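**Student:** The following block contains the structure, expressed as structure tokens.
The values are calculated or read from the model by the stated rules, or taken from the named source; none is laboratory data. Given the structure is predicted, the values throughout are model-derived calculations rather than measurements. Keep in mind that these areas ignore ligands, DNA and RNA; they rest on the heavy atoms of the full protein, side chains included. Shrake-Rupley method; radii C 1.70, N 1.55, O 1.52, S 1.80 Å.
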Amino acid sequence: MLKKALLGAVALLALVGHAQAEDLKEFRIGILGGENEADRLRNFQCLVDKLPTAIGVEKVSLFPAADYDGVIQGLLGGTLDYAELGASGYAKIYLAKADAVEPILTTVQTDGSTGYHSIMVARKDSGITKLEDLKGKKLGFADPDSTSGYLIPLVTLPEAIGAPVKEFFGETGFGGGHENLVLEVVKGTFDAGTTFGSGIGEFKDGYTSGNLRKMADKGIVDMNDLVELWKSPLIPNGPIVVRTTMNDDMKAKFKQFMMDLPKTDAACFSAIQGGDFIGYTEVNADFYKPIIDARKATIGG
């Protein structure tokens, strides 16, 4: 019996060692959908180049998902090691399996805040200039798991329009991510749509960060063609999350690398974040409790 127990313990230790060895071979990054895949891969290439030396892995692999849920399922299944999520995406994971991932950092805006806004836009030449003009018209959301593109508008718009979303708008739909949603608004598929921005700076510039800024910088949208109809209350910036079962040494190295990144490689930091930020600050699950509660009460896990 003692011999059998000892053999079992040895086997268990071997499995643990193997798991840790796997951590040290490949670091797997999930990238949310909603932006052109080539752009996403290009923006994250600097991490592929830098992380192996910084955290002690043989290679870094990028996994760009078609939508938010692709990354969420990868994190829930343990096949991804790190991703940057919106708060609602993290809430979905937390409600399904609270210990699947660990939020460690979030971004700090240029004004020192740790939040951003849902921004509703329409074509400037549509004649729509305010929320009241949208009654009975078609509203587009970005993605079912987007915080700014769906959850927050669903929760906060009713107060602004004086009615539930389904009763006020003639029709709603999803644009297939933030970038594509704005393009669909420009094309006229939707009369208006919800995306995101820092709310800092000028709308005509796409603000200092967010989807509108990224699209303006890439030249795929002219902000002069759009008008802002509504801006949500402040939303917590989404978390950088890591797989909870990752070994502690790698977690610590990765966290330190990210915290140093704004100073060690400002261009890389700007590329992966898409706009102007001061840097990162530490967060934990408690920071996202209001969003977790809001998601649970409305669209669920």
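**Student:** Could you give the accessible area per residue of the chain, probe 1.4 Å, as a whole number in Å²?
**Tutor:** The answer is 45 Å² per residue.
**Student:** Would you mind getting the Kirkwood hydrodynamic radius of the stretch 123-273 from its Cα pairs, rounded to one decimal in Å?
**Tutor:** Values: mean 1/r = 0.0585 Å⁻¹.
About 17.1 Å, per the Kirkwood formula over Cα pairs.
**Student:** Taking Cα centroids, how far is the stretch 73-118 from the stretch 23-63 in Å?
**Tutor:** For the stretch 73-118 versus the stretch 23-63, the Cα centre distance is 17 Å.
**Student:** Something else now. Is the stretch 151-203 best put as rounded, prolate or oblate by its Cα gyration tensor, with a ≥ b ≥ c the root eigenvalues, rounded for a/c under 1.5, and otherwise prolate when a/b is larger than b/c, oblate when not?
**Tutor:** Oblate shape, in that a/c is at least 1.5 and b/c is the bigger or equal ratio.
**Student:** At 4 °C and 1.567 mPa s, grab the translational diffusion coefficient of the stretch 85-134 from Stokes-Einstein with a Kirkwood Rh over Cα pairs, rounded to a whole number in µm² per second.
**Tutor:** The estimated diffusion coefficient comes to 90 µm²/s.
**Student:** If 155, 283 are ordered by their accessible area, calculated over protein heavy atoms with a 1.4 Å probe, which sequence runs from highest to lowest?
**Tutor:** Result, largest first: 155, 283.
**Student:** Give the angle, between 0 and 90 degrees and rounded to the nearest 10, that separates the Cα long axis of helix 152-161 from the longest principal axis of the Cα atoms of the chain.
**Tutor:** The two axes meet at around 20 degrees.
**Student:** Here's something else I'd like to know. Suppose accessible area is computed on protein heavy atoms with a 1.4 Å probe; arrange 159, 184 from highest to lowest.
**Tutor:** The most accessible residue leads, giving 159, 184.
**Student:** Amide H of residue 237 versus every other amide H placed in the peptide plane: which residues, excluding those fewer than 5 positions away on the same chain, fall under 5 Å?
**Tutor:** For residue 237, the qualifying residues are 115, 116.
**Student:** Given the whole protein assembly as supplied and a 1.4 Å probe, what does the accessible area of residue 249 come to in Å², nearest 10?
**Tutor:** Using a 1.4 Å probe on the heavy atoms, I get roughly 80 Å².
**Student:** If every alpha-carbon in the chain counts as one equal scatterer, what log10 I(q)/I(0) does Debye give at q = 0.15 1/Å?
**Tutor:** Calculated log10 I(q)/I(0) at the listed q: -1.15.
**Student:** I'd like the carbon and sulfur percentage of the solvent accessible area for the chain, probe radius 1.4 Å, heavy atoms only, ligands and nucleic acids excluded.
**Tutor:** Working: 7250 of 13570 Å².
Carbon and sulfur atoms account for 53 percent of the accessible area of the chain.
**Student:** Pull out a ≥ b ≥ c, the square roots of the eigenvalues of the alpha-carbon gyration tensor of the stretch 125-176, then state rounded if a/c is under 1.5, prolate if not and a/b is larger than b/c, and oblate in the remaining case.
**Tutor:** Numbers: a/c = 1.78, a/b = 1.28, b/c = 1.39.
Because a/c hits 1.5 or more and a/b fails to exceed b/c, the stretch 125-176 counts as oblate.
**Student:** Sticking with this one: Using the 2.2 N^0.38 Å rule of thumb for compact globular proteins, work out how the stretch 205-279 stacks up: its C-alpha Rg over that value, please.
**Tutor:** Cα Rg divided by the expected 2.2 N^0.38 Å: 1.42.
**Student:** Which of the residue pairs 138/296; 204/251; 25/255 have a Cα-Cα distance greater than 28 Å in the structure shown?
**Tutor:** 204/251
**Student:** Please build a GNM for the chain, connecting alpha carbons under 10 Å apart, and tell me which residue among 244, 195, 147 fluctuates the most.
**Tutor:** Result for the chain, Cα springs under 10 Å: 244 fluctuates most.
**Student:** Tell me the accessible surface of residue 94 in square angstrom (1.4 angstrom probe, heavy atoms of protein chains only), to the nearest ten.
**Tutor:** Per-residue accessible area (residue 94): approximately 80 Å².
**Student:** Can I ask one more? Please work out whether the stretch 86-194 counts as rounded, prolate or oblate from its C-alpha gyration tensor, where a ≥ b ≥ c are the square roots of the eigenvalues and a/c under 1.5 means rounded, while otherwise a/b larger than b/c means prolate and anything else oblate?
**Tutor:** prolate
**Student:** Taking the Cα atoms of the stretch 106-155, what is the range of coordinates along each of the three principal axes, in descending order and whole Å?
**Tutor:** 37, 24, 15
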